[in-house]
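Reading through the structure tokens given below for one structure.
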Amino acid sequence: MAQVRYIVDDVDRAITFYTSYLGFALEQQFGPAMAILKLDDLKLWIAGPMASASKPMPDGSKPEPGGWGGIVVQVKDLSDKVSQLRQGGLEFKNDILEGPGGKQILCIDPSGNLVELFEAA
């Protein structure tokens, strides 16, 4: 099983985003500091400002949300899913792109992390 960690600004807000819009299930929550979400064979660890993963590094740099790396969530009908999410007020980094492997778009979670929604060709 793959595990990915995202740094988030607000754990409760992130839980709502991932469970309400992308089909994740809440597996475990550690108060406002951290939660573990699950979707198929993926576990997503979301760490808020109070989590140990959010503590500054020895050089003073601080883990922050919003990098270009991200998880990929496969969907069956990307156009329909994007329409639903836009009606819910979600933000996207781009428009749907199409390539030889399928269609994709980058959705932005409440902390600025990228989630690629992908429909195979």
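Annotations for the structure displayed:
- Electrostatic dipole magnitude of the range 2-120 [Cβ: Lys, Arg +1; Asp, Glu -1; Cα centre; debye, to 20]: 180
- Distance in nm between pseudo-label sites at Ala53 and Phe30 (7 Å out along the Cβ direction from Cα): 0.9
- The chain shape via C-alpha gyration tensor axes, a/c threshold 1.5: prolate
- Using θ = phi - 60° and Karplus 6.51 cos²θ - 1.76 cosθ + 1.60, couplings along the range 90-97 (whole Hz; Gly, Pro as x): 6, 9, 10, 7, 8, 9, 4, 10
- Sites Gln87 and Ala2 - FRET efficiency at Förster radius 35 Å, r taken between beta-carbons, to 0.05: 0.70
- Nearest-ten-degree value, helix 78-87 long axis tilted from longest Cα axis of the chain: 60
- Acute angle (nearest 10 degrees) that the helix 11-21 long axis makes with the longest principal axis of the chain, alpha-carbon atoms: 20
- Dipole of the chain, positive end: most advanced residue of Val115, Gln28, Gly89 [Cβ charges, Cα centre]: Gln28
- Exposure proxy ranking, count of Cβ atoms within 10 Å, fewest first, for Ile15, Ile96: Ile96, Ile15
- Relative contact order computed over the range 2-120 (Cα-Cα under 8 Å; 6+ residues apart), in percent: 25
- Phi-derived couplings, Karplus 6.51 cos²θ - 1.76 cosθ + 1.60 at θ = phi - 60°, listed residue by residue for the range 106-121: 9, 8, 10, 6, x, 9, x, 6, 8, 10, 7, 9, 9, 10, 5, 5 Hz, with x used for Gly and Pro.
Each value in this text was obtained by applying a stated rule to the coordinates, not by laboratory testing. Predicted, not measured: the structure shown is a model, and the values here were computed from it. With ideal geometry, Cβ positions are generated from the backbone for all residues, glycine too; neighbour counts draw on all protein chains shown.
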